[in-house]
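The values are calculated or read from the model by the stated rules, or taken from the named source; none is laboratory data. These numbers come from a predicted model, not from an experiment. Here the Cβ positions follow ideal geometry from the backbone for every residue, glycine too, while neighbour counts run over all protein chains shown.
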Amino acid sequence: MKQILFVGKRLLLLLPPLLLTQCWWYSFSGTSIHPDAETISVSYIENRAERINPALSNLLTEALMDKYNNLTPLSVITSDGDYAISGEITGYAIAPMAVTSDEVASMTRLTVTVRIVFENKLDPNENFDKNFSGYEDFDSTISFDAAEGALIDTIIEKIVEDIFNATVANW
């Protein structure tokens with residue numbers, strides 16, 4: 001019985017190093033970051049949409065920086081990182097969604113579209129240039145001006161999560 005416990009203890013001691021060497025790109029936050037990556041540069045996300053929310057560029061850029069600061073070991077810098085994110089807001093649209101029997105919109109949708117260019121200097125096969133979009137519906141009895149702040153916060157959270165997953169979580 002003592003011999004079985006002794007062998008079991010040895011296996012427990014060997015298991016963590018084996019797991020760490022087999023999964024050297026995985027972390028418990030769900031990220032998959034190259035072991036040599038130390039920095040990520042997040043450029044200011046310009047607003048090039050036809051309709052402009054003046055705060056949107058700052059909010060989106062700051063949210064991206066915060067996400068990488070909080071969930072990765074990477075240092076966030078403004079230029080020339082091992083990973084680089086740049087892009088622009090290309091769409092900011094409001095559209096009626098649900099129409100009542102009186103032909104009046106009962107729900108309205110705000111959609112934000114962002115074009116992101118991701119460059120991985122350590123593994124160029126992971127580079128991409130693609131669009132991310134998020135939307136949120138709101139009751140048409142509420143003015144857009146009254147609803148806009150909360151809508152933007154929710155949409156930015158969704159878009160940032162999608163960008164994060166596409167860049168370092170490989171979802």
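Computed values, structure above
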| quantity | calculated |
| --- | --- |
| Residues of segment 37-72 that turn out to be assigned to a strand (DSSP E or B) and either surrounded by fewer than 17 Cβ atoms within 10 Å (Cβ to Cβ) or among the hydrophobic types (A, V, I, L, M, F, W, C) (or both), as a count | 4 |
| Of residues in segment 95-128 being within 21 Å of the chain's Cα centre (by Cα) and hydrophobic (A, V, I, L, M, F, W, C), the one nearest to ASN47 (Cα to Cα) | VAL114 |
| Qualifying residue in segment 95-104 (condition: modelled with pLDDT under 95 and touching a Lys or Arg at 6+ places or on another chain (Cβ under 7 Å)) | yes |
| Test: residue in segment 43-52 that is of a type in the set (Ser, Thr, Tyr), more than 11 Å from ILE156 (Cβ to Cβ) and at pLDDT below 95 | no |
| Segments classed as strands (runs of 3 or more DSSP E), wholly inside segment 76-158, with at least 2 members that are without any contact (Cβ under 8 Å) to a residue 40 or more places away in the chain and loosely packed, with under 12 Cβ neighbours inside 10 Å | 128-139 |
